[in-house]
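Some notes on the structure that comes next.
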Amino acid sequence: MSGLLDLHSLTSAGDQRATWRQSMAALARAVADEGPGPLEGLHPEALVRGVRVALQTGLVDDLDWLDTAAAGAALYELASALPLGTEQRELGRRVMSRVLAGDAVSFAAIATRMALGASKGLGSSAIRARIALLAELPIGLGVADGPLALALCARRDLARDWIGQPSTGSLPARRLVARLIERAAREAARRASQGDDHALRVFRSDTVGPAWERLLADRESLVWRHVAVARGLLAPWVPAYQKQIDDVTSTKVTPTEWRRAAASLAAKIAVQPEEAMSQVSQALAGGLLDRDAGSAVAFAWGAPRAAEAEPEAAGELLDWMMDRAPAAVAEAIVELRAELGASTFVDRAATRALHALGPTSRRDAGVRDDGADALELEIARDLERTPRDDQPLR
C-alpha cells in the first residue's frame, strides 16, 4: 500500500497512473480475504494526500480496468480508512453510487466489506431491500452471497437487527432470516472443509442460536426448510446437528422431526455424499416413507444444495423420491429449476417428473379430484422446456 502514500510526491502523470493502479489492484486482492483491512495501521493523514491527488487528476474514476466488484470493495476500503473530510465524502459518494446502481456481484462484495467494517449504511431502507433481494436470487447464479450472510450473523449488532429481531416477525421476515442462515451455513461449511472451523461458533451465539431453534421449529415449510438445509451443511462438524439428523430413522419422534431431518440429510450430500446417501438408503429401508410420505418432499427441498456440489447423487436421491410421491416431488423440482437454472441435471429431473405425472392411481381407481388434477396440470406446464406464454405475469 506504500504507493498510496507516495502518490502526492510523483510528478509524472504516467508514474501516478501506474502507482495508483498497482495500489488499487493490491488493495482489491487484499480485501478479498477475511481479517483486518490492509490499510489499518497507516496514518489517515498520510493517505489523504495521495487520495487528494487521485481525485484532482481523475484517477479515482479510472477503475474500468478493474473488475467492478473488486473495484467497489477496494474503493470502500480506502474511503473507510480516511478521516472525515472532503476526500472521504467524495469517495463515499462514489461507493454509494456503485452500491445503488451496481449489479448483484458488485453489491455483494461492497456490502460484505461494509458488514465487516463499521457497518454504516446497512440499516438504510435501500440497502435492506437489496440485501433481501440478494438472498432471493437463485443459487445457480453463483453470486458470492455467503460471506455477506455470515458477516451479518457474526457481528453482534448486525445479528440482532438482521437475525434476532426479524426471526419473531412476519412470514416474509422469518423467511429472509432463514435464507440468510442457509447462505451463512454454506460459507461456514466451505471454510470448515478447508480447516477453518471458527465460523461454526457463529451459529451458537446468544442471538443466532435462539433464532436458529425458533425458525427450525417454525410451522411454515417456507421457513424451516432453509434452516434444516443449513443444519445438514454443518452436520459433519457439529455432532449435535448430526444427532438430530439421525432421528430420521427413529420411530420415537414425530413427522415434524422426520421431515426436518430429511431436508438436512439431503443437504448433507453436498458435503459428505457417500455417508449421506448411505443414511438415506437406511432411512428408506427402515420404512420412513411408509410412516410419513411427506418426507419425500422434504428430501427434495434439500436437493438444490446437494445438486450444487454433487449432481449425480442428488439425481439418484430425486429418483428414489419420485417413485414414492411423484406429484409432490414434481412441484419441488419446479423450485429446483428456479434455483439452479437450466442444466443437464435439472432437465433430467424435470423429464422424470413429467413422466411421473401421467395417469395416477387416483384416476385409475375412478376417483376424480378436480383440484389435484388442475394442480398437476400447472406443475406439468412449469416443467416443460417450452416457456409458458404467461411467464412474465408469473
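The values are calculated or read from the model by the stated rules, or taken from the named source; none is laboratory data. Computed from a predicted model, the values in this text were never measured in an experiment. All Cβ positions, even for glycine, are placed from backbone atoms using ideal geometry, and neighbour counts span all protein chains on display. Note: areas computed on protein heavy atoms with side chains; ligands, DNA, RNA excluded. Shrake-Rupley method; radii C 1.70, N 1.55, O 1.52, S 1.80 Å.
Could you size up the charge dipole of region 102-206 around its Cα centre, putting +1 on the beta carbon of Lys and Arg and -1 on that of Asp and Glu, and report it in debye to the nearest 20?
On the way: 16 positive and 10 negative charges, 35 e Å.
Magnitude of the dipole: close to 160 debye.
Please state the charge dipole magnitude for region 21-171, taken about the Cα centre, from unit charges on C-beta atoms (+1 on K and R, -1 on D and E), reported in debye and rounded to the nearest 20. Spell out each step's value before the answer.
Numbers: 15 positive and 16 negative charges, 70 e Å.
With Lys and Arg at +1 and Asp and Glu at -1, about 340 debye.
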Inter-probe distance in nm under a simple model that places probes 7 Å from Cα toward Cβ, at residue 170 and residue 103: 3.1 nm
Which of 227, 205, 162, positive extreme of dipole for region 140-237 (C-beta unit charges): 227
Most positive-pole-ward Cα, 244, 332, 280, against dipole of the chain from beta carbon charges: 244
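Please identify every one of the chymotrypsin sites (Phe, Trp or Tyr not before Pro) in region 18-85 that sits in a loop by DSSP and has no more than 12 other beta carbons within 10 Å of its own beta carbon.
Here the chymotrypsin sites (Phe, Trp or Tyr not before Pro) that fit, given the DSSP loop and packing criteria, are 65.
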Cβ-based net charge around residue 142, under 14 Å, with every Lys or Arg adding one and every Asp or Glu removing one: -1
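Under a Cβ-Cβ cut-off of 12 Å, what is the net charge of the residues other than residue 56 that fall near it, where Lys and Arg count +1 and Asp and Glu count -1? Don't skip to the end; give the middle numbers.
Numbers: positive: 49, 52; negative: 61, 87, 90.
Cβ neighbours under 12 Å give a net charge of -1.
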Gain upon complete extension [residue 251, residue 86; 0.36 nm per residue less C-alpha separation]: 52.7 nm
Crossing angle, helix 171-193 versus the chain [Cα axis fit, 0-90 degrees, rounded to tens]: 80 degrees
Degrees between helix 104-116 axis and first principal axis of the chain (Cα, 0 to 90, nearest 10): 70 degrees
Nearest-ten-degree value, helix 326-340 long axis tilted from longest Cα axis of the chain: 10 degrees
Which of 198, 8 is most accessible, then next, and so on - probe 1.4 Å: 198, 8
Under Karplus coefficients 6.51, -1.76 and 1.60, residue-wise ³J(HN,Hα) of region 235-250 in Hz, glycine/proline x: 4, x, 10, 10, x, 4, 5, 4, 5, 5, 5, 4, 5, 5, 9, 8
Residue of 186, 352, 52 that the Gaussian network model of the chain assigns the largest fluctuation, springs spanning Cα pairs under 10 Å: 52
In nm, spacing of pseudo-spin labels at residue 378 and residue 128 (7 Å Cα→C-beta vector): 3.1 nm
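Where the only charges are on Cβ atoms (+1 Lys, Arg; -1 Asp, Glu), what is the dipole of region 222-290 about its Cα centre, to the nearest 20 debye?
Values: 7 positive and 6 negative charges, 51 e Å.
Taking the Cα centre of region 222-290 as origin, the dipole is about 240 debye.
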GNM result for the chain, Cα springs below 10 Å: residue of 171, 318, 200 fluctuating most strongly: 171
Separation in nanometres of the label points that stand 7 Å from Cα toward Cβ, at residue 43 and residue 194: 3.6 nm
Heavy atoms of residue 243 accessible to a 1.4 Å probe, total area in Å² rounded to 10: 140 Å²
Total formal charge among the other residues, if their Cβ is under 9 angstrom from that of residue 68, Lys/Arg +1 and Asp/Glu -1: -2
